[in-house]
Amino acid sequence: MKRMKVIASLALAATMLFGLVGCGGGADKAASSDSTDSAAATQEVSDEGKVLNIYCWNEEFKNRVTDHYSDYTETGSDLAEDDNGDVAGTVEGKIGDVKVVWHITPSKDNAYQNNLDEALLNQADASDDDKVDLFLVEADYALKYVDTDATMSVEDLGITDEDTKNQYQYTKDVMTDSNGVLKGLSWQGCPAALIYNRDVAKEVLGTEEPDEVQEYVKDWDTYRETAKKMKDAGYYMTATANDSYRVFSNNVTTPWVDADKNIQIDDNIATWVEMSKEMVDAKETTSEAMWEDQWKTGFYPEGKVFNYFGPAWLFNFSMGADDEGSVANSGRWGLCVGPQSFFWGGTWICGATGTDNAGLVGDIMKTMTCDETVLTEIVNDDDDFANNSVVMENFANDESYQSEILGGQNPNKIFCEGVKNIDLSNISSYDQGCNEKFQEAMKNYFDGNASYEEALEQFYDKVEATYPALSH
Amino acid sequence: MSNSKNNAVIKYNRWGYIFLIPFATAYIIFQMIPLITTIYNSFFENYRDGLTIIGPNFIGLENYKTLLESGKLLTYAKNTLIMWVMGFVPQIVFSLLLAAWFSDPALRLKGQRFFKTVIYLPNLIMASAFSMLFFTLFSNVGPINSILVGTGILKESYQFFNHVWSTRALIAFMNFVMWFGNTTILLLAGMLGIDTSLYEAAEVDGANATQIFYRITLPLLKPILLYVMITSLIGGLQMFDVPQILTSGSGDPVGSSMTLIMYLNMHLYSKNYGLGGALSVLLFIITGILSLIIFKAMGYEKGVKK
């Protein structure tokens, strides 16, 4: 058994070595071709660095830049796709005579952050062409970067309060460090709402109109009563208990970790546990994890699931809209505010301290997140919810803006209503691990394999192993 | 005359050392140095808190104290051993049986080559791919549950991964399927190495097949069996990929399938070299002790003296 492992690891080591050699060669070649290019090109950003390195975990931002940042052109790509459909590798492009290199590492198993951390810790010693210039973060771990010197204040990048005045407050809350300095911006908002199956609503509640369905889910007590009705009619309220987790966890009044690095459980999170346990016991939902098979069953009518909680990207990109026979494909989802407004996901742009392309980083940030023409284009082309209240109010009142997946409903009215209520002042740098480990541990409680206290104990163990700085 | 002969022997022996160089270098670089630095690291507090590097600060045996006091180590060691035994017992029984059949000339088995290849095949699949396969097969909405419910054996789908013993059994079963072919080949090699005249003599003396197996095959197979036991034990203690993928790294239900290396892996999230190092050293000691026990129990030393 051991011998096999040794052979396997030798083989692995050999392939890694070859991989490195391959990468090195590629970079050299690219660099030399770049220097010949730059002689011919003429552009204004000439006193800045020659290479703009962008770290990200998927192609979303790259596609937005390709489509909406007019100076950018893509020149080459060596992306490879894995079984999960995650892409990894580098993509090259150029803005004027500056070469743009996208370093794409999937987020799975923390790979993206590990890669970024190494690069940032090495930032001071790296040569100008290797320095990280711009990188993307998610809300769950944003503070990890924002609350350090690794990120630049947007003011230093030439973006004023006036530029960002129409951006939604919560998107700025995420990126504000403990001294009140704004360190990053986003082009999108991700206000989320309750997505319900219109056919099920019609059958069980007698209506499929968003305003009327909302009456059945307007607060958590009513929501529970509706869940009972769904169960009696043979439907799950949600596919998994974790569906409603974000609704609670993004409306907390205390952060996961206090100033002394003690883990604390917010009342709202405890309420989620209590409600979910009752619902799992009553078979109104299941204890399974999100993104797994069970969770996906509700994308199809046979799954017998009444609702999901999520933002625009969930129903636009994750619920099988391209699949013949899915609820999304036949346009039978509906959207209403639900018991509580919340947000889920989103990508923020940060400028890395030490960048040799500060002017260009500032310009990309400003164009992509503050320019209302660009943001309007993004909504029209990509169905994103743009991070600008003026632009979105326009779309909310635009009768011609319809979502086919939602049976012709305009989701922006509901999202615009919800986004105002999102408060994100209570976040910590450790949210990602805490959220993951908490859901994981509570599954044991929902399944009846552990008491609440035992599950909590498990949660503490895992979080403290993951983040040695924390205690409880 | 004799002097020059001695010189020639020494010159010839030199080749032995030269041939050893690649192994020795590889061993020192990839085994010895990491081993020593791991032990060294285990006395330091050294991890990352976000982008801040904490340490390295010398803290003596503090890491060991933390690990041993939490009591988790024992639980995870127990989980690991339970799952190893659950997989190893059927593995050794099947392998012995198959090896005995393959090596028995009286049976004249047809298509031996084919079967030897087939039973080895699961070992060629990547463990992670294999556990992904099982994860999908046995999920609540997976094909196994569909079949069980569809044929009326079960009323509603059985949640394999929500029960302690079904999860452990699946992990043990996968390890069994992946490794029994390998063990069979090893045991078969051992059995074919036994002098056939011994079997003939036993047959002439009127021994039946069972007696031959227990009185001749097994005792003479001891060195190979010992090798199989020790390598499998070490492999078993390092069990990681199968349970990690099957439980998405959670080791659930209630941490009952969390192995020692999975626990180690959690510490590496924050690059906690200190605690990770201490855990590895403890694992090293546990492996050493258990291997010694097997050595003693099998009476290997006596065999060597003979």
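The values are calculated or read from the model by the stated rules, or taken from the named source; none is laboratory data. Remember, it's a predicted structure, so these values are computed and weren't measured experimentally. Methodologically, a virtual Cβ is constructed for each residue, glycine included, from the backbone with ideal geometry; neighbour enumeration extends over all protein chains shown.
Remarks
- Region A:423-463 - residue that is facing another protein chain (nearest Cβ under 10 Å) and among the aliphatic types (A, V, I, L, M) and, of those, farthest from residue A:111 (Cα to Cα): A:450
- Considering residues of region A:149-160 that are outside any loop (DSSP other than H, G, I, E, B) and among the β-branched types (Val, Ile, Thr) only, the residue surrounded by the fewest Cβ atoms within 10 Å (Cβ to Cβ): A:151
- Some residue of region A:279-297 being surrounded by 23 or more Cβ atoms within 10 Å (Cβ to Cβ) and over 18 Å from residue B:157 (Cβ atoms): yes
- Search result, residues across region A:109-118 that are more than 11 Å from every other protein chain (Cβ to nearest Cβ) and either of a type in the set (D, E, K, R) or within 16 Å of residue A:349 (Cβ to Cβ) (or both): A:112
- Meets criteria (within 10 Å of chain B (Cβ to nearest Cβ) and either in a loop (DSSP other than H, G, I, E, B) or touching a strand residue (DSSP E or B) at 6+ places or on another chain (Cβ under 6 Å) (or both)) for residue A:145: yes
- Residue in region A:387-409 that is in contact with a strand residue (DSSP E or B) (Cβ under 8 Å, 6 or more places away or on another chain), more than 21 Å from residue A:211 (Cα to Cα) and either at pLDDT 90 or above or in a loop (DSSP other than H, G, I, E, B) (or both) present: yes
- Region B:120-159, subset aromatic (Phe, Trp, Tyr), in a helix (DSSP H, G or I) and within 23 Å of residue A:443 (Cα to Cα), residue farthest from the other protein chains (Cβ to nearest Cβ): B:134
- Single unsatisfied condition, residue B:138 versus (1) free of Cβ contacts under 8 Å to residues at least 60 places away in the same chain; (2) surrounded by fewer than 16 Cβ atoms within 10 Å (Cβ to Cβ); (3) not basic (Lys, Arg): (2)
- The set of residues from region B:218-228 being within 11 Å of chain A (Cβ to nearest Cβ) and buried (at least 18 other Cβ atoms within 10 Å of the Cβ) comprises just one member, B:228.
- In the condition set (1) within 12 Å of another protein chain (Cβ to nearest Cβ); (2) over 30 Å from residue B:161 (Cα atoms); (3) out of contact with any strand residue (DSSP E or B) (no Cβ under 6 Å at 6 or more places or on another chain), residue B:205 is compliant with all but (1).
- Sole exception among (1) buried (at least 22 other Cβ atoms within 10 Å of the Cβ); (2) free of Cβ contacts under 8 Å to residues at least 12 places away in the same chain for residue B:172, by number: (2)
- Within region A:123-148, considering residues that are more than 27 Å from residue A:436 (Cβ to Cβ) and of a type outside the set (Gly, Ala, Ser), the one surrounded by the fewest Cβ atoms within 10 Å (Cβ to Cβ): A:125
- Enumeration of residues in region B:249-275 that are within 17 Å of residue B:69 (Cβ to Cβ), assigned to a helix (DSSP H, G or I) and not aliphatic (A, V, I, L, M): B:263, B:267, B:274
- If the condition is being touching a Gly at 6+ places or on another chain (Cβ under 7 Å) and more than 19 Å from residue A:77 (Cα to Cα), then region A:95-132 contributes A:123, A:124, A:128, A:131.
- Those residues of region A:119-142 which are of a type in the set (A, V, I, L, M, F, W, C), touching a strand residue (DSSP E or B) at 6+ places or on another chain (Cβ under 9 Å) and within 14 Å of chain B (Cβ to nearest Cβ), in sequence order: A:119, A:120, A:121, A:132, A:135, A:137, A:142
- When every residue of region A:350-364 is checked against the conditions, none turns out to be surrounded by fewer than 23 Cβ atoms within 10 Å (Cβ to Cβ), under 22 Å from residue A:207 (Cα atoms) and of a type in the set (D, E, K, R).
- Residue, nearest to residue A:210 (Cα to Cα), within region A:356-386, restricted to residues that are of a type in the set (Ser, Thr, Tyr) and free of Cβ contacts under 8 Å to residues at least 40 places away in the same chain: A:376
- Qualifying residue in region B:54-71 (condition: within 14 Å of chain A (Cβ to nearest Cβ), in contact with a Ser or Thr (Cβ under 9 Å, 6 or more places away or on another chain) and closer than 20 Å to residue B:164 by Cα): no
- Screening region A:63-142 for strands (runs of 3 or more DSSP E) wholly inside it with 1 or more residues that are basic (Lys, Arg) returns the ranges A:87-95, A:98-104.
- Taking region A:295-346 as the range and being touching a Ser or Thr at 6+ places or on another chain (Cβ under 9 Å), of a type in the set (Ser, Thr, Tyr) and within 30 Å of residue A:425 (Cβ to Cβ) as the test, only A:308 passes.
- Some residue of region A:216-234 being hydroxyl-bearing (Ser, Thr, Tyr) and crowded, with 24+ Cβ neighbours inside 10 Å: no
- Neighbours by Cβ (under 9 Å, 6+ apart or cross-chain): first from region B:243-262, more than 8 Å from chain A (Cβ to nearest Cβ); second buried (at least 23 other Cβ atoms within 10 Å of the Cβ) and at pLDDT below 85: B:258/B:252
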